[in-house]
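Here's the structure we're looking at; comments come further down.
The values are calculated or read from the model by the stated rules, or taken from the named source; none is laboratory data. Since we're looking at a predicted model, the values are computed, not measured. Positions of Cβ are backbone-derived with ideal geometry, glycine not excepted, and every protein chain shown enters the neighbour counts. These accessible areas exclude ligands, DNA and RNA; they are computed on the full protein's heavy atoms, side chains included. Shrake-Rupley method; radii C 1.70, N 1.55, O 1.52, S 1.80 Å.
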Amino acid sequence: MKIITSIFDLNKEIKNYKNVGFVPTMGGIHKGHISLIKASQKKKSKTIVSIYVNPTQFNKKIDFRKYPRNIKKDIISLKKLNVNYLFLPSTKDIYKFKTRKFVLSKKDKILCAKFRKGHFEGVLNVMNRLMSIVRSKDIFMGEKDYQQLYLIRKFLSKKFDVRINSCPTIRTSDKIALSTRNKLLNKKSLKKASDIAKILNKIKLRSKLNSSKFNLLLSDYKKELENKFDIKIDYLEFRDEKSLKLNNFKNKFRLFVAYYINNVRLIDNF
Ligand code: AMP
């Protein structure tokens, strides 16, 4: 595996390859990331993984500082997976050139965009930069961050003529969606996160049978979960899988959740 730390070196290295799959990450490599890498390796002859904890997408400085980083361990994991290139850019390099700014419309200010001001503007900004550097025709991203996937498809897939390959959420055996942020949770919180995931999964399954009733019940479930697990839920909403509009249960839908457990914010969808 070649480790590349500058845009200049990356350009030199990959300009001759047309068949490179791109897996952008913020590190703390886990089985969720690994599933994206494997999906890329199945489809493309070379895979480039980036690790960059992007400061502009954190709406709280403390959250950025606390974000788990373990580059040595990540390098060992990625080498074992036979990743071809690991791109570790610096903030100076990433933000040295000017690009357009992204502004979300009122329609897009839902779910996490409503509760984390500036977060997706930061995500779109850095993805625009990374995509213009790497220029891959295939990017691999997780459904765990469903709204991110939706917005990147909406704002960037046409601009770069790129296929955004979405990969299903990988969970632990006790149903917690894998996430680098889980490293910030103690045993008790992990047990709660597992119980919450199981309950939400059940709600989703039952809602398929009697949907209209479940839409009405969601605010009750929200209060119940907050009291039972001592968590603060930002949102618990059924939304259309394609448009992310509030759900009328005519099309495929998902149950979206974001909550704080011990000051750590987790997101998931079922
Ligand atoms: P992150 O490092 O959290 O920014 O995530 C990098 C990529 O991995 C994003 O496309 C995420 O959606 C994806 N990802 C994170 N967690 C999971 C998971 N549990 N299952 C599948 N993909 C994931």
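Brief remarks on what is shown
- Residue list for segment 159-186, restricted to those being more than 16 Å from the ligand (Cβ to nearest atom) and either of a type in the set (S, T, N, Q) or within 20 Å of E241 (Cα to Cα) (or both): N186
- Verdict on D240 being more than 30 Å from P68 (Cα to Cα) and open to solvent by less than 60 Å² (accessible area, probe 1.4 Å): yes
- Sub-6 Å Cβ pairs linking a first residue in segment 135-149 that is among the hydroxyl-bearing types (S, T, Y) and more than 10 Å from the ligand (Cβ to nearest atom) to a second residue that is outside any helix (DSSP H, G or I) and open to solvent by less than 30 Å² (accessible area, probe 1.4 Å), at least 6 apart or interchain, are S136/V20; S136/F22, ordered by first then second residue.
- Filter pass, L244 being more than 21 Å from S179 (Cα to Cα) and at pLDDT 95 or above: yes
- Segment 138-180, residues that are buried (at least 17 other Cβ atoms within 10 Å of the Cβ) and farther than 18 Å from S40 by Cβ: Y146, Q147, Y150, L151, F155, R171, K175, I176, A177, S179, T180
- Failed condition for S189, given (1) within 16 Å of the ligand (Cβ to nearest atom); (2) under 21 Å from K31 (Cα atoms); (3) surrounded by 16 or more Cβ atoms within 10 Å (Cβ to Cβ): (1)
- Of the residues making up segment 27-56, those that are more than 9 Å from the ligand (Cβ to nearest atom) and of a type in the set (S, T, N, Q) are S40, Q41, S45, T47, S50, T56.
- Taken over segment 122-133, the criterion of being buried (at least 18 other Cβ atoms within 10 Å of the Cβ) and either without any contact (Cβ under 8 Å) to a residue 60 or more places away in the chain or within 14 Å of the ligand (Cβ to nearest atom) (or both) is satisfied by V123, L124, V126, M127, N128, R129, L130, M131.
- Residue check for K12: more than 20 Å from Q147 (Cα to Cα) and within 16 Å of the ligand (Cβ to nearest atom): no
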